[in-house]
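The values are calculated or read from the model by the stated rules, or taken from the named source; none is laboratory data. What you are looking at is a predicted structure, and each value in this text was computed from that prediction instead of being measured. Cβ atoms come from the backbone with ideal geometry, glycine included; neighbour counts cover every protein chain shown.
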Amino acid sequence: MSDFENEAEKNDDNMAPPPGSDYEVAFSYHSDTQLERAYDKAEHWVKAGVRPNRIFLEDRSMSVINFRKVMRDPILIQAGVTRYIDFRCSLTLSDTDVDAVFSSVCYYDSEEQEPTYINAYDPELGSIKEVLEKVSQNLFAYLQKPLLQAH
């Protein structure tokens, strides 16, 4: 491995949250009908739609995908404000259920600013949860779409 690759890995390791910043935001969704090929569709959604900064785990046998994403806050973009949200997400899928657990969630206004990790008392928690809920609802809506049939 080159020094550059080693340095890149070290920098990514530095993104681990400080102790005490382990607040999680979880969403669970249930479908009354079976989700067709849930893992395949979730994998496609993550890679093509979310385009994560890093995928930590993809395990078809456990139906789990874990990834990290840094994104601009879509709610504040509409107000002309730039805020970045950085999170790790663990997706657990079954034939009818999807669990999305967001952890190591932080936000910052510019790339030079130190990240603020959310906790239960953060005044921004409500708006951050709203963004994360939109992400997880987007996935669930995608998983519920029927597969295209070739005619």
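Worth a mention:
- Residues of region 99-151 classified as more than 20 Å from GLY49 (Cα to Cα), among the hydrophobic types (A, V, I, L, M, F, W, C) and either in contact (Cβ under 8 Å) with a residue 40 or more places away in the chain or touching an Asp or Glu at 6+ places or on another chain (Cβ under 6 Å) (or both), total: 3
- Just so you know, in region 110-123 the residues that are surrounded by 14 or more Cβ atoms within 10 Å (Cβ to Cβ) and over 29 Å from GLU43 (Cβ atoms) include one that is farthest from the chain's Cα centre (by Cα), and it is ASP122.
- Residue check for ARG68: within 23 Å of ASP22 (Cβ to Cβ) and either surrounded by 15 or more Cβ atoms within 10 Å (Cβ to Cβ) or more than 10 Å from the chain's Cα centre (by Cα) (or both): yes
Rundown of residues vs (1) more than 16 Å from VAL131 (Cα to Cα); (2) of a type in the set (S, T, N, Q), yes/no style:
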position	(1), (2)
SER61	yes, yes
ILE65	yes, no
MET71	no, no
ILE77	no, no
VAL81	no, no
SER104	no, yes
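- Flag for THR96 being out of contact with any Gly (no Cβ under 7 Å at 6 or more places or on another chain) and either aromatic (Phe, Trp, Tyr) or within 13 Å of ALA38 (Cα to Cα) (or both): yes
- Residues in region 73-94 that are not in a strand (DSSP E or B) and not aliphatic (A, V, I, L, M) were compared, and the one that is farthest from the chain's Cα centre (by Cα) is GLY80.
- Qualifying residue in region 39-46 (condition: of a type in the set (Phe, Trp, Tyr) and assigned to a helix (DSSP H, G or I)): yes
- Condition check for GLU58: modelled with pLDDT of 95 or more and part of a strand (DSSP E or B): yes
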